[in-house]
1. With the cut-off at 1.5 for a/c, could you classify the chain from its C-alpha gyration tensor as rounded, prolate or oblate?
2. Give the aspartates and glutamates reachable from residue 74 as a straight Cα distance under 12 Å; neighbours fewer than 8 places away on the same chain don't count.
3. If you place +1 on the Cβ of every Lys and Arg and -1 on the Cβ of every Asp and Glu, how big does the dipole about the Cα centre of segment 112-247 come out, in debye to the nearest 20?
4. Quick check: from the Cα gyration tensor, does segment 33-89 come out rounded (a/c under 1.5), prolate or oblate?
5. Could you give the dipole magnitude of the chain about its Cα centre, charging the beta-carbon of Lys and Arg +1 and that of Asp and Glu -1, in debye to the nearest 20?
6. From the square roots a ≥ b ≥ c of the eigenvalues of the alpha-carbon gyration tensor of segment 217-277, which class results: rounded (a/c under 1.5), prolate (a/b over b/c), or oblate?
7. What are the lysines whose alpha-carbon lies under 23 Å from the alpha-carbon of residue 178, with same-chain residues fewer than 8 places away excluded?
8. Please name which of 307, 274, 264 has its Cα lying farthest along the dipole of segment 247-328 towards the positive end, using unit charges on Cβ (Lys, Arg +1; Asp, Glu -1) and the Cα centre as origin.
Amino acid sequence: LVAVFSHDPMHKIEDDDEQHGLSDQIVIKFSHVVAENTPKGLAAEKFADIIADRTDGKIKVEVFPNEIMYSDEKELNALKKGDVQMIAPSYSKMTEVIPEWQVLDLPFIFQDEQHVQNVYTGEVGKRLLGELESENIKGLALWGNGFKQMTSSRGALIEPEDFSGQRFRIMPSDTIAKQFELMGAIPKASSFNDVYIALEGNEFDGQENTISNIYSKGFYRLQKDMTVSNHGYLGYSVLMNAEFWNSLEPELQTQIQKAMDETTEWMLKESKKMNDSQLIRMKQNSKLKIHELSEAEKDRWRKVFMPLYETYSSEYGERWIEDIRNVR
Ligand code: LMR
């Protein structure tokens, strides 16, 4: 890795490639924060494979998982500076930059995976990504991991009152913070790769995340209860440094966008399968007590979360909420 870091980040030429006559190879460094065996980890690899194949090695995508290159907090800055060409942060983490994207964090805004896919890959998704232009970032796609579930080491989280006084790790998003406050809990944002140690050190009682993240990072080993609530959706904005994008020939841009669209379609289906199968594995192989929230219980959560919709509408209007709801 040391060798990789020391290379010119924009157009890195590998010694091997030089020997093989690929000295004009364009390298895209793609940094992300999750494990390799996750929807985002696998999608990043798939994208790299498609690109290598379609461009005959003209473009090489190098994937750096697990925050080995940049942490949650640092990756956006690294992208903007051009130290890395691609990242895929959760859109919740981007709400500090694009506050209107908080609509995507509203609890129960998405009906199911099909609804998510239709929003992400349709006209509304394109418009959401268009918001990045003002930030001088090229938005390539919205990717999905899955619906988020609640875990705790201090008892089952079934009724809203059960959250009272519990400390939860969250991603930095005002809407997510308010979601926990409305439940009487105490939210605190922290970097993804600090979560395990913080849970182990009893800094938090619980957290919300997808099955895939709870499983691949071993959070389930430190928590007693998990509620399958599907209350929110963890999605990603796949971002490219705009200057780098603009430096590419139109033909290469088209190939990148096509490879991205193919990857997105694949990963939205794959992520559901992965979360489903890892839930089964946790049921079989862990001591975690799992509760599936009933519709009546969900309704009681929905009621508590109503003010989030009112706050969002009063700040940003009804437009995005309606647009998302109207996608079928
Ligand atoms: C989290 O911080 O919990 C997630 O955004 C991690 C990820 O990228 O899936």
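1. prolate
2. Of all the aspartates and glutamates, those that pass the test against residue 74 - Cα under 12 Å, at least 8 places apart if same chain - are 83.
3. In total the dipole reaches around 260 debye.
4. Since a/c reaches 1.5 but b/c is at least a/b, the shape of segment 33-89 is classed as oblate.
5. Using Cβ point charges on Lys, Arg, Asp and Glu, the chain gives about 1120 debye.
6. Values: a/c = 3.65, a/b = 2.48, b/c = 1.47.
Prolate, because a/c is 1.5 or more and a/b exceeds b/c.
7. Here the lysines satisfying the reach criterion relative to residue 178 are 93, 148, 188, 298, 303.
8. 274
Bear in mind that the values in this text are calculations on the coordinates, not laboratory data. It should be emphasised that the depicted structure is a prediction, and the values quoted were computed from it without experimental measurement. Cβ atoms come from the backbone with ideal geometry, glycine included; neighbour counts cover every protein chain shown.
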